[in-house]
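A quick write-up on the structure given underneath.
Values quoted throughout were computed directly from the atomic coordinates according to the rules given, and no laboratory measurement underlies them. This structure is a prediction, so every number in the text was calculated from the model and none was measured. Positions of Cβ are generated from backbone atoms using ideal geometry, with glycine treated the same way; all protein chains shown enter the neighbour counts.
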Amino acid sequence: MAVKHVALLGPPGAGKGTQAKQMVEKFNLVHLSTGDILRDEVARETELGKTARGFMDRGELVPDQLIVDMIRGRIMAAESGFLLDGFPRTVAQAEALSSFASIDVVININLPRVEVVRRLTARRVCRGCGKIYNLTFNLAEGETTCSDCGGELYQRDDDKTEVIENRYDVYEKSTAPLIEFYDKLGVLRTLDGSLGSEVVFSGISDILTA
Ligand code: AMP
């Protein structure tokens with residue numbers, strides 16, 4: 001497989017995290033999720049975490065320079081190839097990225113606002129291994145632990161209804177312009193995120209093995 005530098009694009013809740021977990025296993029890529037890295041910084045109460053927390057809780061973007069400084073070294077160290085999940089999220093981030101790494105393919109997973117809200121309010125995440133569950137698809141009522149590792153399942157603070165709407169607005173205003181940005185570069189491939197996660201993964205696999 002020639003494709004080694006991959007980025008996932010799409011609104012929150014489109015399934016980027018779920019797809020990413022399967023993709024890194026199958027294609028031997030380093031998973032770089034800026035959201036996961038930031039949540040870890042917040043949990044460890046680092047300076048970056050303390051700064052980022054307010055933005056995250058409001059569903060706003062953390063300033064570009066902080067994000068680029070946080071991720072640059074990790075991208076440059078991922079010699080076997082990387083999967084970017086949640087980065088870049090603005091045109092300024094994409095421009096910064098292009099100064100230190102090339103991108104072979106950007107997989108854009110589409111999902112309309114109504115479906116984003118429906119999915120995110122039902123999302124639960126494992127504190128132990130990060131596995132993503134959904135009350136509607138794959139979690140029995142009353143189940144509070146992860147079937148893989150036994151970790152506690154929790155609802156992200158920014159998956160509360162009032163924050164979700166704002167996150168979608170931010171996506172439309174700041175992140176959706178990247179669709180045109182990467183389309184112009186000829187690396188964009190778009191998939192319908194409302195199809196089941198197996199169908200989306202099969203589409204991604206086709207793209208990455210073509
Ligand atoms: P995610 O897990 O990708 O939904 O990200 C959760 C939150 O982290 C976002 O709502 C932002 O506040 C912040 N965040 C994650 N990635 C970025 C990024 N590339 N640029 C700015 N903020 C980000």
Please list 3J(HN,Hα) in residue order for the range 78-93, calculated via the Karplus relation 6.51 cos²θ - 1.76 cosθ + 1.60 where θ = phi - 60°; whole Hz, with x for glycine and proline.
7, 5, 7, x, 9, 10, 8, 10, x, 8, x, 10, 9, 5, 4, 5
DSSP-loop GluC sites (Glu not before Pro) across the range 26-60, with at most 12 other Cβ within 10 angstrom
Glu45
Using θ = phi - 60° and the Karplus curve 6.51 cos²θ - 1.76 cosθ + 1.60, what whole-Hz ³J(HN,Hα) does each residue of the range 176-183 get, with Gly and Pro shown as x?
4, x, 5, 4, 5, 4, 7, 5
Loop-resident trypsin sites (Lys or Arg not before Pro) in the range 1-94 with no more than 16 other Cβ atoms inside 10 Å, DSSP not H/G/I/E/B, are Arg44
The range 61-119: GluC sites (Glu not before Pro) in DSSP loop, at most 10 other beta carbons within 10 Å
Glu79
List, in order, the whole-Hz ³J(HN,Hα) value for each residue of the range 103-110 obtained from phi through the Karplus relation with A = 6.51, B = -1.76, C = 1.60 and θ = phi - 60°; use x for Gly and Pro.
10, 7, 8, 10, 9, 9, 9, 7
Cross-link reach from Lys26 to lysines, straight Cα distance under 30 Å and at least 8 residues apart if same chain, gives Lys4, Lys16, Lys131, Lys184
Distance from the range 76-138 to the range 1-60 (C-alpha centre basis), Å:
6 Å
Amide H proximity to Arg156 below 5 Å, modelled H, separation 5+ or other chain, gives Val125
Sequence-distant or interchain residues sharing an amide H contact under 5 Å with Thr190, placed H: which?
Asn108
